1. Percent of Cα-Cα pairs per 10 Å bin, from 0 to the last occupied bin, for the range 68-146, please list those.
2. What distance in nm lies between label points placed 7 Å from Cα along the C-beta direction at GLU60 and SER81?
3. Strictly over 19 Å apart at the Cα level, which of LYS87/LYS134; LYS26/LYS134; LYS74/LYS134; LYS66/LYS104; LYS104/LYS160; LYS66/LYS145 would you flag in this model?
4. Using a 10 Å cut-off on Cβ atoms, rank the peptides 97-105, 68-76 from the highest mean neighbour count down.
5. With a 1.4 Å probe and all protein chains kept in place, how much accessible area does GLU120 have, in Å² rounded to the nearest 10?
Amino acid sequence: MKAVFSLFLMFSFVLLSCKSEPSLQKYFVENTENKNFVAVDIAPSILGIDKSKLTVEQSEALTTLKKVNILAFKLDGANASLYETEKEKVKTLLKDPQYQQLMKFGAGATGASISFVGDEAHIDEFILFANNKKNGFAIVRVLGKDMNPNGIITLLSVLKDANIDMKQLEPLQQMIPKNLE
């Protein structure tokens, strides 16, 4: 009887400790299969980087990167009201205290913000949220371990020489208007 009671207590604790609050990660999961969204996960391996040509600093920066998740809402004439609703959901999620906003900018129908999770020396996630009233919005989550701003800048310099497998990015390319290509 004690074993059953102990098992019941542990099970109850597990159920009660699970967060049911909305989060950016849950938002990604909930909308991955939604027809209004395009979801792409990018592993560092698709970057096609020749690691033998990296400096020590570049190599260290690359090891902090785990993956990049992209979720984009493709705006069309039929889903304009849904676009506004979903955009506000994302803005609300990014107001959570865990997301520290680095910068916000915009003009007219276009806006963007960059936020992070962690502290300045040990960043676990960068979030770029960009929206445009013509095309929709995108959320880019750069997930890593102990990233820092200098490492991100170093990582960007590495990406300039990357041989990226563009096949994996085809769903996103379809969202880019032909006049911007």
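The values are calculated or read from the model by the stated rules, or taken from the named source; none is laboratory data. Predicted, not measured: the structure shown is a model, and the values here were computed from it. Every residue, glycine as well, gets a Cβ built from its backbone with ideal geometry; the counts of neighbours run over all protein chains shown. Surface accessibility is based on the protein's heavy atoms, side chains included, excluding ligands, DNA and RNA. Shrake-Rupley method; radii C 1.70, N 1.55, O 1.52, S 1.80 Å.
1. Per 10 Å bin, starting at 0, the Cα pair percentages come out as 18, 49, 25, 7, 0.
2. 5.4
3. Exceeds cut-off: LYS26/LYS134; LYS66/LYS104; LYS104/LYS160.
4. Sorting 97-105, 68-76 by mean packing, highest first, produces 68-76, 97-105.
5. 120
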